[in-house]
Amino acid sequence: MEQAHKTAIEGIKKSIEKIEDRIMSIVQEDEAIFTNYKLLKTVPGIGHQVAVYLICCTNNFCNKISGKQLACYAGVVPFEHSSGISIKGRNRVYRMANKDLKKLLHMAALSSIVHYEEFRSYYERKKAEGKHSMSILNAIRNKIILRAVAVINEKRPYVANYKAAN
């Protein structure tokens, strides 16, 4: 089966490489986009795909979006579920969120847990407190978004000043 579709797979790989090259050339052509791209890549967990997608979703952060607004748009902010005094449910994330951005941020959160001590210790501490793992990942996604917006608004690269308690 693999042998029968080998040429098609190679053609698709070449097409993906061309698209990635074109995306990178578009990013490098505009100085404002390239500056924001470089700033976003300094945030732990944000790589090429997440940075490009954030720039596209926010129109290169032209409208001075806040971290809370972007986190809500990405679907990582839990809202209280209640109706007056009769219904008191657990907190939920908004269902109309940008699912693609949420997926990318989920992968960024998983990557940051593996590669960055700050997020790893946060995850382990919350897990030891009895929190559900998806709830912790959601909090890490929120942290990544808040840091990304702060980096763009301040026009400074992310500086990690985390010191683990010994």
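Taking the stretch 1-20 as the range and being in a helix (DSSP H, G or I) and over 30 Å from N60 (Cα atoms) as the test, the residues that pass are K6, T7, A8, I9, E10, G11.
Rundown of residues vs (1) modelled with pLDDT of 95 or more; (2) more than 26 Å from D30 (Cα to Cα); (3) within 15 Å of the chain's Cα centre (by Cα); (4) not in a loop (DSSP other than H, G, I, E, B), yes/no style:
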site: N63; (1), (2), (3), (4): no, no, no, no
site: Q69; (1), (2), (3), (4): no, no, yes, yes
site: V76; (1), (2), (3), (4): no, yes, yes, no
site: E80; (1), (2), (3), (4): no, yes, no, yes
site: R90; (1), (2), (3), (4): no, yes, no, yes
site: R95; (1), (2), (3), (4): no, yes, no, no
site: K131; (1), (2), (3), (4): no, yes, no, no
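The C-beta contact set for the stretch 1-20 (first residue within 26 Å of V52 (Cβ to Cβ), second residue assigned to a helix (DSSP H, G or I), distance under 9 angstrom, 6+ apart or interchain) comprises E20/H48. The set of residues in the stretch 42-59 that are more than 17 Å from K102 (Cβ to Cβ) and surrounded by fewer than 17 Cβ atoms within 10 Å (Cβ to Cβ) comprises T42, H48, N59.
Scanning the stretch 21-41 for residues that are basic (K, R) and closer than 14 Å to F61 by Cα yields a single hit, K38. With respect to the conditions (1) under 30 Å from N91 (Cβ atoms); (2) in contact (Cβ under 8 Å) with a residue 12 or more places away in the chain; (3) not β-branched (V, I, T), N60 lacks only one, and its number is (1).
The values are calculated or read from the model by the stated rules, or taken from the named source; none is laboratory data. Quantities reported herein were computed from a predicted structural model and do not represent experimental measurements. Glycine gets a Cβ as well: all are built from the backbone with ideal geometry, and neighbour counts include every protein chain shown.
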